[in-house]
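The values are calculated or read from the model by the stated rules, or taken from the named source; none is laboratory data. All values reported here derive from a predicted model rather than from experimental measurement. Methodologically, a virtual Cβ is constructed for each residue, glycine included, from the backbone with ideal geometry; neighbour enumeration extends over all protein chains shown. All accessible areas refer to the heavy atoms of the entire protein, side chains included, with ligands and DNA or RNA removed. Shrake-Rupley method; radii C 1.70, N 1.55, O 1.52, S 1.80 Å.
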Amino acid sequence: MILVVDDNLVQALTRKAILTGAGLEARTVYSAERAFAAIENDEARAIALVITDHIMPGESGSHFVKALWERRPGLPV
């Protein structure tokens, strides 16, 4: 599954539509906080890739990726 992280609803849903249209499974979340919750609840390790916005309220994309890799080292972003 691909996790799409973007605070812009339209952009997040557009990315999800493109991915699902290509036959991929995608889930959207609208903040870094919700992304961390999704990853922590990902017991089966179904999230194989994260696509993230770079500029989000309260969290830059690069800071988010650094914190993400502390939780899931090497997860492709």
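Can you give the net charge of the other residues whose Cβ lies under 14 Å from the Cβ of Tyr30, counting K and R as +1 and D and E as -1?
Values: positive: Arg15, Lys16, Arg27, Arg34; negative: Asp6, Asp7, Glu33, Asp53, Glu59.
Result for the local shell: -1.
Starting at the first residue of the stretch 22-39, write each ³J(HN,Hα) from the Karplus equation 6.51 cos²θ - 1.76 cosθ + 1.60 with θ = phi - 60°, in whole Hz, x for Gly and Pro.
Computed from phi, the couplings for the stretch 22-39 are 8, x, 9, 8, 9, 10, 10, 9, 10, 7, 4, 4, 5, 5, 4, 4, 5, 6 Hz.
Name the trypsin sites (Lys or Arg not before Pro) in the stretch 18-53 that are in a loop by DSSP and that have at most 14 other C-beta atoms within 10 Å, would you? Write out the running numbers ahead of the final one.
Details: sites: Arg27, Arg34, Arg45; in loops: Arg45.
Passing both the DSSP loop test and the Cβ count: Arg45.
Any idea what the dipole of the chain comes to, in debye rounded to 20, about its Cα centre with Lys/Arg Cβ at +1 and Asp/Glu Cβ at -1? If you can, show how the numbers build up before the last one.
Values: 8 positive and 10 negative charges, 36 e Å.
The dipole of the chain has a size of about 180 debye.
What is the spread of the Cα atoms of the stretch 34-77 along each of their three principal axes, largest first, in whole Å?
Largest to smallest, the principal-axis extents are 29, 19, 16 Å.
Probe radius 1.4 Å, ligands and nucleic acids ignored: give me the carbon and sulfur share of the accessible area of the chain as a rounded percent. If you can, show how the numbers build up before the last one.
Details: 2560 of 4630 Å².
For the chain, the apolar C and S fraction of the accessible surface comes to 55 percent.
Send over a whole-number figure in Å² for the accessible area per residue of the chain, probe 1.4 Å. Don't jump to the answer; show the numbers that get you there.
Working: 4630 Å² over 77 residues.
Accessible surface, normalised per residue, equals 60 Å².
Taking amide H positions as placed in the peptide plane 1.01 Å from N, state which residues far from Ile51 in sequence (5 or more) or on other chains have amide H under 5 Å from it.
Result for Ile51 returns Leu3, Val4, Val5.
Just to confirm the filter: which GluC sites (Glu not before Pro) across the stretch 13-77 are DSSP coil and have at most 14 other Cβ within 10 angstrom of their Cβ?
Numbers: sites: Glu25, Glu33, Glu40, Glu43, Glu59, Glu70; in loops: Glu25, Glu43.
Here the sparse-neighbourhood loop sites are Glu25, Glu43.
Looking only at the stretch 53-67, which residues have a backbone nitrogen under 20 Å from a spot 7 Å from the Cα of Ala37 in the C-beta direction?
Within reach of a label on Ala37, which here means backbone N under 20 Å from a point 7 Å along Cα→Cβ, the stretch 53-67 contributes 53, 56-61, 64-65, 67.
For the chain, what does the convex hull of the Cα positions come to per residue, in cubic angstrom? Could you put the intermediate results ahead of the total?
Numbers: hull volume 5.7 nm³, N = 77.
Once divided by residue count, the hull of the chain is 74 Å³.
Using the Cα centre of the chain as origin and beta-carbon charges of +1 (Lys, Arg) and -1 (Asp, Glu), tell me which of Ile51, Ala22, Val77 is placed farthest towards the positive end of the dipole.
Positive-end residue among those listed: Ala22.
Calculate the spin-label point distance for Ser62 paired with Ile18, positioning each point 7 Å from the Cα along the beta-carbon direction, and give it in nanometres.
Result: 2.3 nm between the two label points.
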